[in-house]
Amino acid sequence: MRRYIDTHCNLPNILAKIKLPSYTELVKKHFPPEYEGCVSVASDADSQIETFSLAQNNSSVYAAYGIHPLYAAQYTQQVEDRIREYMAHSKTVAWGEIGLDYHPFPGHDYAEPSLQRKIFQQQIRLSLEYQKPIIIHTREAEEDTLQMMTEHIPVSWPLHVHCFTDSLEFAQKLMDTFPNLWFGFTGVITFKNSSELQRIVKEIPLNRILLETDGPFMAPIPYRGKVCHPGHVMNIAEKIAEIKQKSLDEICQVSRYNTKLMYGI
């Protein structure tokens, strides 16, 4: 039987947007039998406590904690202390998401690149201290991301570059440098205007790919515009199978093995 883990979503945000009272109800109403679990990523200070509770109270929920580069200003000593505390728990499988995001957002008060780089480096240091795999967020910051990763992260470290949307050349450099690095692709690959990203999916070996939704964002076709959740993973897997001209069973089997290598689950 096909089995999958959604390797990147934010359950508290999904539950709030879909207006369901519990994770149990979400699974019951929206997830297919292939669903095995998810990694709920608390990438801002507000979602950390609820993420911890969901992971502790549901056997199929795992957690990761870190501060997203756009929210780097939230990285206070109190937030760091809480993440350190959560890293000691068995259901915590990674530090992240962390990284750099230079995409312009006019009218938004997001962190400047200099602060992003400072907080990225600090969180890399701590993830190594706690011996945790790292979830990387990078967008329109290829040169700085690669430089910081090569300077501060051991080449053998397990890395998940999630929701990858940058260039194939960048992806190749990352693969050449880090043998234990995987890419996550979301529902974006199903969109009509994603031909370049589909080309990248075709070129990246299957043994370097993880299945993820990044829910509640970017629901795949035919659910575009709705709340994205782990129940949509099979739609993404089907698109990867189509692009690579491989069976859906092979996509699920290999990506599930990759998840085990990356997260130990």
Accessible surface ranking that places the most exposed of Glu34, Glu196 first, with a 1.4 angstrom probe | Glu196, Glu34
Over the chain, average the accessible area per residue using a 1.4 Å probe and give it in Å², no decimals.
-> 44 Å²
Per-residue accessible area, 1.4 Å probe, largest first, puts Asp109, Asp249 in the order Asp109, Asp249
From the Cα gyration tensor of segment 1-118, with a ≥ b ≥ c the square roots of its eigenvalues, which class applies: rounded if a/c is under 1.5, or else prolate if a/b is larger than b/c, or else oblate?
-> prolate
Hits among aspartates and glutamates - C-alpha to C-alpha of Lys226 under 20 Å, sequence gap 8 or more where chains match = Asp6, Glu25, Glu212, Asp214, Glu238
Pairwise label distance in nanometres, Phe191 with Lys226, each label 7 Å out on the Cα-Cβ vector | 1.9 nm
Can you pull the one-decimal nm distance between simple spin-label points at Glu25 and Lys173, each 7 Å off the Cα toward Cβ?
-> 4.7 nm
For the chain, with all protein chains present and a 1.4 Å probe, just round the carbon and sulfur fraction of the accessible area to a whole percent.
-> 48 percent
Figure the gain on full extension for Gln74 and Gln56 (residue separation times 0.36 nm, minus the Cα-Cα span) and round it to one decimal in nm.
-> 4.1 nm
In a shell of Cβ-Cβ distance under 12 Å around Arg256, excluding Arg256 itself, what net charge do Lys and Arg (+1) and Asp and Glu (-1) give?
-> -2
Rounded to the nearest 500, what is the chain's calculated 222 nm mean residue ellipticity when only DSSP H runs of at least 4 contribute -39500 (n - 2.57) each, over all residues?
-> -13000 deg cm²/dmol
Semi-axes, largest first, in whole Å: what does sqrt of 5 times each Cα gyration tensor eigenvalue give for segment 144-265?
-> 23, 16, 14
Sorted by accessible area (1.4 Å probe), largest first, how do Met149, Met218, Met1 line up?
-> Met1, Met218, Met149
16 Å cut-off, amide nitrogen to a point 7 angstrom out along Glu129 Cα→Cβ, residues in segment 53-85 | 65-67, 75-85
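The values are calculated or read from the model by the stated rules, or taken from the named source; none is laboratory data. Note that the structure is predicted; figures quoted are calculated from it, not measured. Every residue, glycine as well, gets a Cβ built from its backbone with ideal geometry; the counts of neighbours run over all protein chains shown. For the accessible areas, the whole protein counts, side chains as well, though only heavy atoms, and no ligand, DNA or RNA atoms are used. Shrake-Rupley method; radii C 1.70, N 1.55, O 1.52, S 1.80 Å.
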